[in-house]
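The next block holds one structure in the form of structure tokens; read it before the comments.
Nothing in this text is a laboratory measurement; each read-out follows from the coordinates by a stated rule. Please read all numbers here as calculations on a predicted model, not as lab measurements. Every residue, glycine as well, gets a Cβ built from its backbone with ideal geometry; the counts of neighbours run over all protein chains shown.
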Amino acid sequence: MNDTYVYIQKFHAGWAYVALALLLIAIITSVVGVSSKKEFTPASRKTALFGLIGVHIQFLVGIILYFVSPLGKEALSQLKNPALRLTALEHPLVNLIAIVMITVGWSMHKKKLTGHEKFKVISIFYSIGAVLILSRIPWNLWFK
């Protein structure tokens, strides 16, 4: 395999931990904000923004990986194989939907007037995105 592919694959696998951590921190911060009726501060905004940026970077690296992968075209022709279908179709498609949900949450929070509403929108949309992401991680490849 070529070195570029291996490097991008390793980065994608490693950055996934960072992206998930940032996303989970944003969700926890928002849930705490909703439940305790905290004020939405610049720190709250940055936490949500870092979660957004983290998953966007992960998605962009994943798209690059998808197109430089030597297995890409071959996997698309073998969608009856569940493992190949997961990595070639389900993982990228569901993660795209997850990124859209997270981005919608980020955009909608800016239109809300109170901290409670901002936290609520972020916690709902980011949580939906996180569940989608976690549902389509190829766990067997992660723990190799």
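With Cα atoms defining each centre, the range 22-49 and the range 61-81 are spaced 36 Å apart in the structure. Checked against a 28 Å cut-off, the cross-linked pairs Lys10/Lys38; Lys38/Lys111; Lys37/Lys111 give Cα-Cα distances beyond that limit for Lys10/Lys38. Label-to-label distance for Ile97 and Gln78 is 2.6 nm, based on points extended 7 Å past Cα in the beta-carbon direction. Within the P(r) computed for the chain, what percentage of the Cα pairs occupies the region above 19 Å? Counting pairs separated by more than 19 Å, the tail of P(r) holds 53 percent.
The aspartates and glutamates whose alpha-carbon is closer than 18 Å to the alpha-carbon of Lys110, local same-chain residues fewer than 8 away aside, are Glu39. Would you please classify the overall shape of the range 61-144 from the alpha carbon gyration tensor, given that a ≥ b ≥ c denote the square roots of the eigenvalues, rounded means a/c under 1.5, and beyond that prolate means a/b larger than b/c while oblate covers the rest? Since a/c reaches 1.5 and a/b is larger than b/c, the shape of the range 61-144 is classed as prolate.
Neighbour counting of Cβ atoms within 10 Å sorts the residues Phe11, Phe40, fewest neighbours leading, into Phe11, Phe40. Of all aspartates and glutamates in the structure, those lying under 19 Å Cα to Cα from Lys80, and not within fewer than 8 positions of it along the same chain, are Glu90. Count charges around Ser44 for me, please; just the other residues with Cβ under 11 Å from its Cβ, Lys/Arg as +1, Asp/Glu as -1. Value of the local net charge: +3.
Across the chain, the mean sequence separation of Cα contacts (distance under 8 Å, 6 or more residues apart), normalised by length, yields a relative contact order of 31 percent. In the range 104-123, whose amide N lies under 13 Å from the spot 7 Å out along Cα-to-Cβ of Glu39? List them in ranges. Residues 115-116 fall inside that zone. Val94 sits among other residues whose Cβ lies under 13 Å from its own Cβ, and their net charge, with Lys and Arg +1 and Asp and Glu -1, is +1. Ranking of Ile63, Ile102, Ile124 by neighbouring Cβ atoms within 10 Å, starting from the fewest: Ile63, Ile124, Ile102.
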